[in-house]
Ligand code: GDP
Ligand code: IMO
Ligand code: MG
């Protein structure tokens, strides 16, 4: 029996983690978001009704699972309250028995967002293309031990005292980069209402999840971003500022590594990336444009067009190793219908002539690397909404078989539309 599943993106984000988390949450007692913040945009569609979640775990649309925001998430209180309101409009009242936020979770303050924007401006051509959600500066404060935690945020005196200390230095930096300083008194006063709204959700989440696992209940861990955006293992410096990989889920929540776990690597049937940085299999021509149109490849958080390209097996082999992936959830196979035969990157030729079948981010630093492609047969039949492997066109099944055998891991799930129900489940993941 599997007691816990980590759902992790194994490309550059937006693989469809939200859809897969929502689907599996049906059987989970708790769904934990363990890193990232409002930079994430996780789309969930249930019988045609769509919602994009940024900070609340994608289990919220199932009416029983406890959704947990762990201490290594960075929470933007304003957008979190807006998210709670949009769930209310959707028909879901988020009570404290459905949502628990760690008292140690760090808070994204307006000056973090200001710094994020100023830093990007100052980078000129070397911009990372961040989401502008204040993620980097908030994690800097977390590791610099100068952050604002939820326990401070929900207590007006402690919040003011913390801001008076940390803003001395932060305001110097803001001014150095050409921005307006923040007034601690004004800022603390502006946050009182938000603190009151969020206080009922603050709990010791490590204990909560530990107790669920200890009593044999099932827990899902939902990552944000993707492996190649990981601060240590991604395409640095074009990365986000957190550990996005699966093994990080447990220490980041504050529990030991549980037994009986699975790691589900979510992967699009092609590749996309938002923001700057290396992307060896990118197609800036007609094929990339057709993928963007067919797949609706525009960011769920910023609306930016996503860069699109071919499936990259060497990059996936690396991500499978880094995460300890036990099975794949392949999404958006429906997007490939009618696109003709499909180029798939099998290996890379490095600048020194060496051919490698597994990518390492360091190979991307020189930019001197050439993808070696193979062509797999395409198919014209529509597959939107298909719910069994047998109904897929033979070439689509072959595509999946080739992918699984090239990567050495089984395909546990295939997704054929944004909707929760349009999914092929090849195994009982909790079985
Ligand atoms: P996440 O950040 O990994 O949760 O992914 P996003 O929600 O940012 O982006 C994935 C997009 O693809 C969303 O618009 C989803 O609704 C959509 N999507 C997910 N699975 C499928 C699928 O199998 N087919 C199609 N056509 N769209 C999908
Ligand atoms: P989900 O969870 C795709 C990218 C940004 C930028 C880089 C750093 O929806 O998959 P940041 O704002 O984090 O400092 O930006 O990371 N990025 C994402 N790209 N999906 C995401 O989240 C992302 N979150 C951040 O575009 O390149
Ligand atoms: Mg997304």
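Cβ neighbours within 10 Å, averaged per peptide: list 153-161, 129-137 in order, most packed at the top.
Ranking the peptides 153-161, 129-137 by packing returns 129-137, 153-161.
Give the angle, between 0 and 90 degrees and rounded to the nearest 10, that separates the Cα long axis of helix 110-123 from the longest principal axis of the Cα atoms of the chain.
Its long axis makes an angle of about 50 degrees.
Indicate, rounded to the nearest 5 percent, the antiparallel portion of the DSSP beta bridges found entirely in region 267-425. Walk me through the numbers on the way to the answer.
Numbers: 18 of 25 bridges.
Once the DSSP bridges in region 267-425 are tallied, antiparallel ones form about 70 percent.
Is region 43-183 best put as rounded, prolate or oblate by its Cα gyration tensor, with a ≥ b ≥ c the root eigenvalues, rounded for a/c under 1.5, and otherwise prolate when a/b is larger than b/c, oblate when not?
oblate
Highest first, please rank the peptides 266-274, 139-147 by the mean number of other Cβ atoms sitting within 10 Å of their residues.
Working: 266-274: 25.7, 139-147: 16.3.
Highest to lowest by the protection proxy: 266-274, 139-147.
When the C-alpha atoms of region 267-425 are aligned to their principal axes, what extent does each axis show, in angstrom, from largest down?
45, 34, 28
Using only the Cα atoms of the chain, what are the Rg and Dmax in Å?
Final numbers for Rg and Dmax: 21.5, 65 Å.
One-quarter of the Cα convex hull surface for region 106-198, in nm²?
Its Cα hull, projected and averaged over all orientations, spans 5.8 nm².
I'd like the orientation of helix 313-323 relative to the chain: the angle between its Cα long axis and the longest Cα principal axis, in ° from 0 to 90, rounded to 10.
40
If each DSSP helix of 4+ residues adds -39,500 (n - 2.57) and the sum is divided by the residues in the chain, what number results at 222 nm, nearest 500 deg cm²/dmol?
Dividing the helical sum by the residues of the chain leaves -9500 deg cm²/dmol.
Below 8 Å between Cα atoms, with a sequence gap of 6+, how large is the relative contact order for region 288-399 in percent? Kindly include the intermediate steps, with their values, before the conclusion.
On the way: 155 pairs, mean separation 27.9, N = 112.
Computed value for region 288-399: 25 percent relative contact order.
Per-residue counts of other Cβ atoms within 10 Å, averaged by peptide: what ranking do you get for 295-305, 224-234, highest first?
Details: 295-305: 15.6, 224-234: 25.0.
The densest-packed peptide leads the list: 224-234, 295-305.
On a 0 to 90 degree scale, rounded to 10, what angle separates helix 205-214 from the longest Cα axis of the chain?
Relative to the chain, helix 205-214 is tipped by roughly 50 degrees.
Among the DSSP beta bridges whose two residues both lie in the chain, what percent are antiparallel, rounded to the nearest 5?
40
Taking Cα pairs under 8 Å and at least six residues apart, what relative contact order does the chain come out at, in percent? Show your work: numbers first, answer last.
Numbers: 971 pairs, mean separation 87.1, N = 431.
Value for the chain: 20 percent.
Any read-out appearing in this document is the output of simple, stated calculations on the displayed coordinates, not a laboratory observation. Everything quoted here is computed from the prediction, not taken from an experiment. Quick reminder, even Gly has a Cβ in these numbers, built from the backbone with ideal geometry, and neighbours come from all protein chains shown.
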